[in-house]
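Report on the following structure.
The values are calculated or read from the model by the stated rules, or taken from the named source; none is laboratory data. Just so you know, these numbers come straight off a predicted model, no measurement behind them. Neighbour counts are summed over all protein chains in view; Cβ atoms, including those assigned to glycine, are modelled from backbone coordinates with ideal geometry.
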Amino acid sequence: MKFKKRILVKQLLVIGIIFCGSCQKFVDIPAPKTSLVSTNVFTNDQSAVAAMTGIYINMMGKYGSLLNQQLSLMGGLSADEFVDYSGNADQLQCFQNALTPGNSLVSGLWQNTYNYIYQANAVLEGLKNSTGLSPATKSELEGEAKFFRAICYFYLVNFFGHIPLATTTNYQVNTALSALSATKIFQQVIDDCLDAQKILPSDYSFSNGERVRPNRFAATALLARAYLFLKDWKNAEIESGSVIEATDLYSLPADLNQVFLANSSEAIWQLQPVQPGLNTFEGYTFILTGFPTSVALSDSLIREFEPNDTRRTSWIDSVEAGGSVYYFPFKYKVQSGSPVTEYSVALRLAEQYLIRAEARAWRNNLSGAAEDLNMIRNRAGLGNSPALDQYSLLSAIAQERRVELFTENGTRWLDLIRTGKATQVLNTAKNNWTADDTLYPIPLSELQKNIHLKQNPGY
């Protein structure tokens, strides 16, 4: 069975490379040279599935690409989770919140994400024009592509603010796009999630029981997160509650060391590693064996954990080098080697409890908020929170998000921005912080290619 599975992955990789290799910088796409996407790929179920799977393979095969360590590194540096030891000027800019429009990490984040959006749009167009697919496969792939486009736009709008909204592969249309408001981008995220929610399967049978393709609950989890960011507390509570109540699929493992394993019961959607000899790029990048060559955890994060918090002992480790102790994230415990036992987690159940807790607190359901908060605290070996009033509960939930979701896809960075706490927190933690630093600069290369784009304030 394992042998057959490896053959299938290799077949999908080949098709994925063909499919993804045709994609270039999204906002400067030239006229298509072939009709691969619209005719050849979508003639049967297997090749169509491979086209969608190829997007995941492309992401996981590239070092530091969006949900594959990129957001965790950049968000962690921009916030107060990491200290930079890389010696890389562009990475140092991230850490010092002194980004320039020519920063290669920033342009990489923009270009990688828009390339994935292009690929999702290509799948949607291919599905629309195809007559050779089974209705079930066509529906599943449409839901996947819309979900994937939604999560890409979710991160783009939060990192860059006003951005172009592209829903086609038409290069003439895309190269003339103006930036839209964050409100309109978020509406696209909501619309795509709602569409995906309606048509995706509710289990993982279509991915052989592995949690590596998004299902209906992945769309629901992302929808809950988007509503939280929009301060739509009622819908954030409803959607996160839908995931929490799916107890036949999801649960909180008592052992924290089980959370980031492949197909963990807490995982809602994971990305499967494809690089030979590696598990996750998070493990490869963040685990230290000596003096840090990229990043280490900040002392301020280490101090945030309460005594007896098992997350401190299970998810953080340290190494001594040159007479100093350096701490590193240890959620992923394999730096390199086989077999693959860990998958990169993009969405997990604990976040949904904290989303519902926050939404309930804002809606003055204080007992419900405390109940959700304490589910996460108790799992970490802590007693119930003493917070009782709304203000104290919201502060406790924010604190819990920091120690539960640290170094996971830029969550801390985005939390500081959406709650308006970035300047209050980072003004003392970073030198030369300004309020304009809450948005990344639009890459210079994109401004040069598209005269309709405008630079963010402060750059």
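Remarks
- When L228, L177, L223, L200 are screened for being aliphatic (A, V, I, L, M) and free of Cβ contacts under 8 Å to residues at least 60 places away in the same chain, only L223 passes.
- Residue within segment 81-90 that is closer than 28 Å to I287 by Cβ and either buried (at least 21 other Cβ atoms within 10 Å of the Cβ) or touching a His at 6+ places or on another chain (Cβ under 7 Å) (or both) present: yes
Yes/no per residue for (1) in a helix (DSSP H, G or I); (2) over 20 Å from the mean Cα position of the chain (by Cα); (3) buried (at least 22 other Cβ atoms within 10 Å of the Cβ):
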| position | (1), (2), (3) |
| --- | --- |
| Q172 | yes, yes, no |
| A176 | no, yes, no |
| I190 | yes, no, no |
| D195 | yes, no, no |
| K198 | yes, yes, no |
| P214 | no, no, yes |
| A219 | yes, no, yes |
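- Taken over segment 341-360, residues that are of a type in the set (A, V, I, L, M, F, W, C) and either in contact with a Gly (Cβ under 7 Å, 6 or more places away or on another chain) or in a helix (DSSP H, G or I) (or both) amount to 6.
- Filtered by the rule that a residue be in a loop (DSSP other than H, G, I, E, B), hydrophobic (A, V, I, L, M, F, W, C) and crowded, with 20+ Cβ neighbours inside 10 Å, segment 228-251 gives no residues.
- Just one of the listed residues (L109, L71, L77, L67) is buried (at least 23 other Cβ atoms within 10 Å of the Cβ), modelled with pLDDT under 95, of a type in the set (A, V, I, L, M, F, W, C) and closer than 23 Å to L297 by Cβ, namely L67.
- Selection count, segment 74-110, where residues are β-branched (V, I, T) and within 26 Å of R401 (Cα to Cα): 2
- For segment 40-159, the helices (runs of 4 or more DSSP H) that sit wholly inside it and include 3 or more residues that are among the hydrophobic types (A, V, I, L, M, F, W, C) and without any contact (Cβ under 8 Å) to a residue 24 or more places away in the chain are 89-96.
- Meets criteria (more than 30 Å from Q424 (Cβ to Cβ) and touching a Leu at 6+ places or on another chain (Cβ under 6 Å)) for A120: no
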